[in-house]
């Protein structure tokens, strides 16, 4: 089954509203394995909307529209769709009664003619009751094409998708679609894709799709089958093969992001951590405490952005800093070891580096040392995240700290060879 | 001039990515008065992309595409556009040299063939250097239609729009568009818009447009005129009137965001600060150190996420915490005062509160105390950011800390009456 999404609204063409509706509709359709090849956005313009509908009618089995249903838009979408399919609009008695009831409940405002317009629907169509607004959606089939019209405001659209559209799609689709995400850290998207390319081309169902996001990568495995069990059986060997290809670079299947995964591991294992941050300046601790319940994992930490602070808060001797420099393997090790002792946590992590854009005359911008100490042993990763902007250097520094923690907790080698990720 | 936006990416059709790119492009086009009647989204499919391009070619003067340029997508967009316009792809020597330089700087990884594909552009087109990624955009004119191709990742697209596309649009359009932003903190968008409504309706050119973003608001004043000078003359009285209407709620005109504005003030005045964060867990310091050069302003700080850490790192007596509770005016004051003394900074700021989603059985989620101390006096703001999620509570806590600092530095009253912002 092929679907097409048409979004109606001048505010979308002006960019003053971001088209989240199309994404919400698309996610639901893809869950049911319904292909979407086209999304079109038109303004509040009957001619262009009709043109879009006529084109969609010729190439799709299902058309979903969003927007243009409310009392302020003169019934634009319903009129255009009705005309494109050669239908009349008729007053839907059930929806009219419901709307009058709503109006009564809200006080004694008059039902204006444009408010009543909302319950005129293409003849014979099924109203999709809008309990989260006033403009009902509707659903009809004509000329072998199914049409679903939905209101534009996301707070109305989302529940309508869940409670009105989902049951329709469940009935229409015969296939089950299932997917799993394989999460990676320590490899770039292009290299991952390069190493997977042959295998990806060999596969047809399930399929593999690589994604990169916020300093980590994932590969989505998706299968289409008659039953959930069958889909799972098809995916299992593919997941194993990808895991085998990438080893410790895979940190989870269907996991959370790397930060959430690591914090969850810490909490599950009852391991506490403390952090000492120089160049990340609080970002690592911020990323830990973004996660509800992180107080069970993070005892606390320090932001030792200046050399003075390194000395005042952690007692790192000024001579150590003078001798090796603040951006050094030695100071990184001191950060992790001393913050661990200071806060009495199981583990300590430290970050020191040069996030840029200004250099220090000694190191290249992007040089970062990330450290982990458990009181017996201290590991330090040295990274050269050159040609990357400040925010990215800081993000990767945090991601490396999480990667060292999750490897430590999983009993994997904490070291990692690459210095550019 | 009529423009059309074509977004390329299967992730958009699947709904896994929201199409913010189309909105960003549309906003820029509307600034230059360029009409957009159609936006189309297609997947990573050459045939359908070509179909969309051929249709756009017949009805638009300017086509802007986003996506499908990176090393993982086989040069989809450039190949399709070149074919649709009967052009060949050629290796752009300037971009190739630049890409090789980048690769050299990043270490000695091989330039894979799919990486090099990025710098093959339609013959005779102008490369739009991508200093924020590796896939250059490009611009050409053919058959009376102008085409601009841009990469999909928003962190690359946005600077390319600003620094590469804006100059092209400025040349294409004959009018000068100038605008100024008036920045607010301490008022909600809807209230701001309500208070401005009459004045907005009275104005035609310049226009006023309110925006809300990341816990602050701004009003954009935009004028269209023959020259920059004329536009400035038209805007000046409007800016003065808005500033007069909102007093100390306006923190800057054409400023940076509130964090950047505050850090700049600190650096300019040579005032140092130290921070002690409980519920914000490093976010305040992260937001300070996001800003290059922040080391001149932030001496350092502590993340005292647990009561133990408050005691161990700052020496706050456990009896104080037991008596008043960690979420209290008294503990907030201690945080600011003690971290200031500990690090020897001019000012200390503290944050303690309940970001949620779990409560502590005493306070409502969203209760936050933010403190500022200069060694002589300590101010504490009490906020009840109820019905807001964890991330928003933490954001507003940070914004209040910045607001207290900027008011202190500007000689304005540090207090603010509202407890819900």
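Among the numbered criteria (1) in contact (Cβ under 8 Å) with a residue 60 or more places away in the chain; (2) over 24 Å from residue B:29 (Cβ atoms); (3) within 11 Å of chain B (Cβ to nearest Cβ); (4) crowded, with 23+ Cβ neighbours inside 10 Å, which single criterion is violated by residue A:69?
Every listed condition holds for residue A:69 apart from (3).
So, restricting to strands (runs of 3 or more DSSP E) that lie completely within region A:206-290, which ones have at least 1 residues that are within 14 Å of chain B (Cβ to nearest Cβ) and exposed (fewer than 15 other Cβ atoms within 10 Å of the Cβ)? Break it down into steps so the answer makes sense when it comes.
Details: elements: A:207-213, A:216-225, A:250-253, A:273-277.
It comes to A:207-213.
If you go through region A:397-421 one residue at a time, how many are in contact with a strand residue (DSSP E or B) (Cβ under 7 Å, 6 or more places away or on another chain) and within 14 Å of another protein chain (Cβ to nearest Cβ)?
4
Yes/no per residue for (1) touching a helix residue (DSSP H, G or I) at 6+ places or on another chain (Cβ under 8 Å); (2) touching a residue at least 24 places away in the same chain (Cβ under 8 Å):
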residue	(1), (2)
A:189	no, yes
A:203	yes, yes
A:236	no, no
A:239	no, yes
A:261	yes, yes
A:275	yes, yes
A:284	yes, yes
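Scan B:356, B:344 and give me the residue that is in contact with a helix residue (DSSP H, G or I) (Cβ under 9 Å, 6 or more places away or on another chain), at pLDDT below 95 and over 23 Å from residue A:394 (Cβ atoms).
Just one listed residue meets the conditions, B:356.
Looking only at region A:95-114, which residues are over 15 Å from residue A:71 (Cβ atoms) and in contact (Cβ under 8 Å) with a residue 40 or more places away in the chain?
none
So which residues in region B:20-41 are in a strand (DSSP E or B) and farther than 20 Å from residue B:153 by Cβ? Write out each step before concluding.
Of all residues in region B:20-41, those in a strand (DSSP E or B) come to B:35-41.
Matches in region B:20-41: B:35, B:36, B:37, B:38.
Does region A:8-31 hold any residues that are more than 8 Å from chain B (Cβ to nearest Cβ) and either within 24 Å of residue B:34 (Cα to Cα) or buried (at least 23 other Cβ atoms within 10 Å of the Cβ) (or both), and which are they?
Once the filter is applied, which keeps residues that are more than 8 Å from chain B (Cβ to nearest Cβ) and either within 24 Å of residue B:34 (Cα to Cα) or buried (at least 23 other Cβ atoms within 10 Å of the Cβ) (or both), region A:8-31 yields A:8, A:9, A:10, A:11, A:21.
Working carefully through the options B:34, B:64, B:5, find the one that is more than 10 Å from chain A (Cβ to nearest Cβ) and buried (at least 22 other Cβ atoms within 10 Å of the Cβ).
B:64
Filter region B:354-370 for residues that are more than 12 Å from every other protein chain (Cβ to nearest Cβ) and buried (at least 21 other Cβ atoms within 10 Å of the Cβ); which is farthest from residue B:338 (Cα to Cα)?
Here the residue is B:366.
Let's see how each residue does on (1) crowded, with 20+ Cβ neighbours inside 10 Å; (2) touching a residue at least 24 places away in the same chain (Cβ under 8 Å); (3) within 11 Å of chain B (Cβ to nearest Cβ); (4) farther than 30 Å from residue B:389 by Cβ:
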| position | (1), (2), (3), (4) |
| --- | --- |
| A:294 | yes, yes, yes, no |
| A:304 | yes, yes, yes, yes |
| A:332 | yes, yes, no, yes |
| A:349 | yes, yes, no, no |
| A:352 | yes, yes, no, yes |
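Does at least one position in region A:43-53 carry a residue that is within 11 Å of chain B (Cβ to nearest Cβ) and closer than 23 Å to residue B:16 by Cα?
No - not one qualifying residue is present in region A:43-53.
Evaluate region A:381-390: report whether one residue or more is crowded, with 24+ Cβ neighbours inside 10 Å and at pLDDT below 95. Before you say what the answer is, go through the steps one by one.
Of region A:381-390, the ones crowded, with 24+ Cβ neighbours inside 10 Å are A:385.
Now drop any that are not at pLDDT below 95, which leaves A:385.
Yes; the residues of region A:381-390 include at least one that is crowded, with 24+ Cβ neighbours inside 10 Å and at pLDDT below 95.
The values are calculated or read from the model by the stated rules, or taken from the named source; none is laboratory data. All figures in this text were calculated on a predicted structure; none of them were measured in a lab. For neighbour counting, all protein chains shown are included, and Cβ atoms are generated from backbone atoms with ideal geometry for every residue, glycine included.
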